[in-house]
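Visitor: Here's a structure for you.
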Amino acid sequence: MTRVADACYNRRYPPDPLWMLQGVVTKPRLASQRRFEQVLCIQKAIRIHSMKSEHEIEIRVQYHEVDGQSRVHNAQYLNYFERGRVEMLRASGLSYLEFEQSGILLVVRSMEVQFLMPALFDDLLVLNTRIEYCHGARIEHHYRLVRKHADGIAEDLIVTARSQIASIDRTGKVQRLPPILQLNIRPTRNL
């Protein structure tokens, strides 16, 4: 727990991730203004210190991921991107399983992929996953998959991609992202 959250800690509302996902933080039903300010303080600490906006993972191309030409099958890249998103959550101390158990589902709304070079069996790839937009009920990720050369400096750009993820409940109704995911990252406007 962070220092800000420690200062705001209240024994009645323990810092349990499932408790935060279920909306107690976002819509507190508190009698006093002081308690409401404590909850907002905890919410701010969670938002600032929890979610990462960029993450990298290494992926070794496995034999079952390639086609007859020893190249990664184009559908396999979608699995890599999913792995990148899940690992970004995990690196932030969050669990996608906990989101699902609390009734929040993060589903792919759209995916755009540009194939630039083939990845081959046994290549060691580095996937960079970055959040470009995160507000309301939508997250937009950008992906960059590269093959590093032996010198560690040069790299081949294999694939770039972009996805939009929507937050829904179990009935399929769109709902706002939980506070722990609200990064309020929006594109800057040129004036």
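Visitor: Looking at segment 59-88, I want the residues that are of a type in the set (A, V, I, L, M) and have a partner that is at pLDDT 95 or above and assigned to a helix (DSSP H, G or I) with Cβ atoms under 6 Å, at least 6 apart or on another chain. Which pairs are those?
Guide: 59/80; 72/65
Matching residues to (1) of a type outside the set (Val, Ile, Thr); (2) at pLDDT 90 or above; (3) within 22 Å of residue 61 (Cβ to Cβ):
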site	(1), (2), (3)
88	yes, yes, yes
93	yes, no, no
114	yes, yes, yes
120	yes, yes, yes
123	yes, yes, yes
166	yes, yes, no
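Visitor: Of all the residues that make up segment 67-121, how many are of a type outside the set (Lys, Arg) and under 18 Å from residue 166 (Cβ atoms)?
Guide: 21
Visitor: Give the residue that is surrounded by the fewest Cβ atoms within 10 Å (Cβ to Cβ), with candidates limited to residues of segment 168-177 that are in contact (Cβ under 8 Å) with a residue 40 or more places away in the chain and more than 12 Å from the chain's Cα centre (by Cα).
Guide: 170
Visitor: Run down 119, 154, 161 and say which single residue is aliphatic (A, V, I, L, M) and exposed (fewer than 15 other Cβ atoms within 10 Å of the Cβ).
Guide: Details: 119 fails: exposed (fewer than 15 other Cβ atoms within 10 Å of the Cβ); 161 fails: exposed (fewer than 15 other Cβ atoms within 10 Å of the Cβ).
On inspection, the qualifying residue turns out to be 154.
Visitor: Can you work out which of the residues in segment 89-109 that are in a loop (DSSP other than H, G, I, E, B) and among the polar types (S, T, N, Q) is nearest to residue 134 (Cα to Cα)? Talk me through it step by step, then tell me what you get.
Guide: Kept after step one, since they are in a loop (DSSP other than H, G, I, E, B), are these residues of segment 89-109: 92-95, 102-104.
With among the polar types (S, T, N, Q) added as a condition, the list becomes 92, 95, 102.
Numbers: 92: 15, 95: 18, 102: 20 Å.
Here the residue is 92.
Visitor: Right, next: Mind checking which residues of segment 139-151 are surrounded by fewer than 16 Cβ atoms within 10 Å (Cβ to Cβ) and either of a type in the set (Asp, Glu) or out of contact with any strand residue (DSSP E or B) (no Cβ under 6 Å at 6 or more places or on another chain) (or both)?
Guide: 149, 150, 151
The values are calculated or read from the model by the stated rules, or taken from the named source; none is laboratory data. Treat the numbers as computed from the prediction; the structure is a model and nothing was measured. Glycine gets a Cβ as well: all are built from the backbone with ideal geometry, and neighbour counts include every protein chain shown.
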